[in-house]
1. For segment 322-351 and segment 414-467, what is the centre-to-centre distance using only Cα atoms, to the nearest Å?
2. Placing unit charges on C-beta atoms (Lys and Arg positive, Asp and Glu negative, everything else neutral), compute the dipole magnitude of segment 1-146 about its Cα centre in debye, rounded to 20.
3. In the structure displayed, which of 70/182; 33/182; 33/70 lie more than 19 Å apart, Cα to Cα?
4. Describe numerically, in nm with one decimal, the distance between label points set 7 Å from Cα along Cα→Cβ at residue 447 and at residue 174.
5. Note the full-extension length gain between residue 423 and residue 362 as 0.36 nm times their separation in residues minus their Cα-Cα distance, in nm to one decimal.
6. Quick check for me: using +1 on Lys/Arg Cβ and -1 on Asp/Glu Cβ, what's the dipole size of segment 41-109 about its Cα centre, in debye to the nearest 20?
7. Cut-off under 19 Å on the C-alpha distance; same-chain residues fewer than 8 positions from residue 75 excluded. Which aspartates and glutamates are left, in chain and number order?
8. Compute the convex hull volume of the Cα atoms of segment 378-467, divide it by the residue count, and report the result per residue in Å³ as a whole number.
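Derivation of every value follows stated rules applied to the coordinates shown; laboratory data play no part. Predicted model only: the values in this text are computed from it and were never measured. Using ideal geometry, Cβ is built from the backbone for each residue, glycine included, and neighbour counts are taken over all protein chains shown.
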Amino acid sequence: MTSPPIQPQDDAVLRLREAIAVLRSGDFDGATKLLSDPLWDVLEAKFWNAEHPLPASALQALDAYVNLGKSLWHKAGLGQGHPIALYRTTLLSSKAIETALRVLARIYAGCNLGFRSPPPGFWRTVYALTGYIISERFTDRTNRVALTNQSLQLWLMAWLNPLSLAPGRLPVAVRLVGILSKTCSYTLSSPTHAGSGLAAADLMSDTPPMPFARVPAMWEPIAPLYINAQDAAFTIRELTSPSQRTSPNDVYDSLLQSALQVGLTHQEMQDFVRRAMREFGYSNARSIPRVGRADSVTVVIGFIDVWNAVQSQSKAGPKGKLTTPIHSAVVVNHSDGGFLLRVAVTEPLLSVGSLLCLRGSDAEPWSLIAVRWLEETDGTVMIGTEVLCNFGEARIAQHPESAQHLPILTYQKEESSWVIAPYDSSRANSVSQLQVENESWVVAVATELGSDWQRGLVLDNTAFKPE
């Protein structure tokens, strides 16, 4: 009886495990070299962009990835791996601190791509390194700036994480974090006005940094530390309003170049930056009101199923019975703009950019919502969503140049008409025309691309008479 062939991810795990096993404690150059091995990318490809809950093979790859990172941490002599903790001797060498930050960044990258929280002890260790680097006890002035920048990048990736991981956005997010980290600094004093703080954390906790705009009013940390971004405020404001630029902007052009390299349009890049910068918090109100709840709701996932659900709602009598697959969820909290949901799904269905509809009872209308971030822990999926509209309409459209019928969802928002249609790469980046009943609609370039849908603004509509 022959043994089953080794799969690519199994081979990658085996080879990385062998390389880590022979690593000597204190060999920081060897550890750094091992961190750049392409085999890590092989593993990442197995769970990056997977739908959640993760299928078995993707889950195995992610577990192996995180465990290899923790083993590397321990074998290099940086600290213990379960939970992650820092050896005091690591603080005696700037090289050891640099290596520690690189290993932590590798672990966090894998967790980011798999929408999973880092292992226990991760943030406590990051904070221990951060606190030491910025303290007077750290006397290596030559390396302080570089090490501070490394730790800032970890903080900022945590701050940006919920918005950074939709397909194609990661390279832009990494470039944005790299730019911001060079213009930010740590401060022990809470920023006192809008536009001055990016993130905040309690150095005695094991929870990730939170956006400064969402610091709770009653936050009582033991050892608070903030990222001050006053020097970056002007740049960030320019990034959110690129049309107002009257002179070249190297930061914006750098981000745009990163976006174009991965296939994003100008509009998609601007949309991403605006979403990211909402976390910056221009409002003087530092806390976004969030109402805690525990309401059970019904959820439908995916464009076609959402269209069917919304359409069935408009039918009267027995014809309106919902045949679309439904899932149960619990509303953990909500704000004016969205819901935090705990979703009970067993098969891989969810990704950042998924279109959902939600309602509390059969008597309520379906709300159209989009997944903005998700986190999976032990099979439980938490998703942050944005409400697109509360009263959508399912309709049938037709392309004038073909006989193809197209299911679309339409809604009104702020006196504008919007169309959500199935994703079509040939039409997403150009103005298109649709025939809807007795009207001809001109639809703008898609302002948002989801996992299987695209959304565009209706620029004009005129009545027409069918031939």
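1. 27
2. Numbers: 16 positive and 13 negative charges, 112 e Å.
The calculated dipole for segment 1-146 is roughly 540 debye.
3. Values: 70/182 28 Å; 33/182 25 Å; 33/70 16 Å.
Correct reply: 70/182; 33/182.
4. 3.0
5. Details: separation 61, 0.36 × 61 = 21.96 nm, distance 2.86 nm.
Here the segment from residue 423 to residue 362 would lengthen by 19.1 nm.
6. Values: 7 positive and 5 negative charges, 76 e Å.
Value, rounded to 20: 360 debye.
7. In chain and number order, the partners are 18, 27, 29, 37, 63, 98.
8. Values: hull volume 11.3 nm³, N = 90.
That works out to 125 Å³ per residue.
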